Amino acid sequence: MAFKFGFSGDDIEGSEDVAMEEVDFRRFMLNDSEVRSENMPRLHRFDKLIPHTRISYSMGENEKVPRRDFFDVKYQLMGQDELSATDEILLGSSDIQTETYEGGMKVWECSYDLVKVLEQEPQTPQSVLELGCGAAVPLVHVFDHVLRNNVTGVKLTLADFNTSVLRLVSAPNMLLTWMAAVGRTESALEGEVEITQELVDQFLQDLSNRQIELQFVSGSWSSQFVRLLEPTKYDLILASETIYSLDTLDVFTDTMLNCLSSTGSALIAAKKVYFGVGGGIPEFESELQKRSVPVQWVLEDKRGVGRAVLRINLK
């Protein structure tokens with residue numbers, strides 16, 4: 001069987017204790033992080049993000065909710081008179097351009113591993129943050145569960161480096177999830193929806209009635225990012241394929257830990273090795289070990305390069 005659930009990092013072959021520098025992740029908040037002005041974290045309202053246009057969507061092979069088609073995103077961009085630097089990249093074929101575009105349009109395979117773990121979670125957390133959300137496949141799963149089970153009083157925060165990604169895929173996917181959950185789409189195969197102000201108002205009113213708070217954040221992981229979200233500390237933090245780069249591994253780790261509540265959990269899905277960029281699960285575990293934060297492997301897929309989902313708790 002390819003998948004394995006519920007074992008600790010101590011069970012992994014080759015794991016050994018190595019003396020290393022200790023880091024107090026709370027000291028991360030004592031000073032501002034070095035962030036370019038254009039990458040400074042910012043909050044965005046759904047009604048200001050969502051495009052008022054006709055969009056197409058489909059049901060992915062591994063998905064239970066509709067998701068906006070990538071070709072439709074490109075079609076929308078081609079019709080715009082002005083394009084941001086990120087928009088220009090999205091019209092190309094690049095997966096990642098460091099400090100400009102971090103791959104948010106692509107649905108990375110570890111997202112589905114994270115959904116497998118979420119399907120086994122016994123309780124619905126009251127506050128959820130997805131870091132590097134992109135298409136937000138894991139958080140969309142949580143949102144769909146919240147809607148279909150009439151869970152109230154929930155805060156959902158979607159964070160991505162690029163505002164364009166939030167506008168073009170994250171926000172539309174949340175709207176599509178709501179439409180499917182409340183029966184606004186007659187069939188999941190219809191394939192198109194016209195986003196109007198009336199539809200947006202109905203969406204926001206229904207979320208208000210359910211006491212669901214929806215929040216979007218763009219910009220770099222940083223101490224400023226954490227402060228922007230305060231005083232909220234999250235019961236559940238999700239991230240998929242965010243630990244591929246050694247350049248951002250430490251700031252991702254500190255941002256995640258400082259956003260996590262003392263009784264919360266973070267679920268991080270990743271490949272064991274990211275060839276050519278230096279990151280991966282062993283390097284992430286090393287950062288956690290420096291901070292004396294325990295980690296548990298809750299899912300492993302040994303096929304190919306190997307993938308896993310890790311659970312992190314502060315105590």
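Computed from the coordinates by the stated procedures, all read-outs in this text should not be read as laboratory data. Only a predicted model underlies this, so the values are computations on that prediction, with no experimental measurement involved. In this analysis, Cβ positions are derived from the backbone assuming ideal geometry, glycine residues included, and neighbour counts consider all displayed protein chains.
Once the chain from K64 to K302 is taken as fully extended at 0.36 nm per residue, the excess over their C-alpha distance is 83.2 nm.
Peptides 285-291, 242-248, 150-156, 120-126 ranked from most to least packed give 242-248, 285-291, 150-156, 120-126, packing being the mean of other C-beta atoms within 10 angstrom over each peptide's residues.
Normalised radius of gyration (Cα atoms, divided by 2.2 N^0.38 Å) for the stretch 161-264: 1.31. Across the stretch 212-315, the volume of the C-alpha convex hull divided among the residues equals 115 Å³ per residue.
Report, in listed order, any pair from K272/K302; K116/K155; K272/K315; K271/K302; K233/K315; K64/K155 with a Cα-Cα distance greater than 20 Å. K116/K155; K272/K315; K64/K155, as the Cα separations exceed 20 Å there. By the scheme Lys and Arg +1, Asp and Glu -1, what is the net charge of all other residues having a beta-carbon under 12 Å from that of E119? Here the charged neighbours net out to -1. A cut-off of 5 Å between modelled amide H atoms, ignoring neighbours fewer than 5 places along the same chain, links I212 with G153, V154. Value of Rg to Rh for the stretch 111-178, rounded to two decimals, is 0.95; Kirkwood radius and Rg both from alpha-carbon coordinates.
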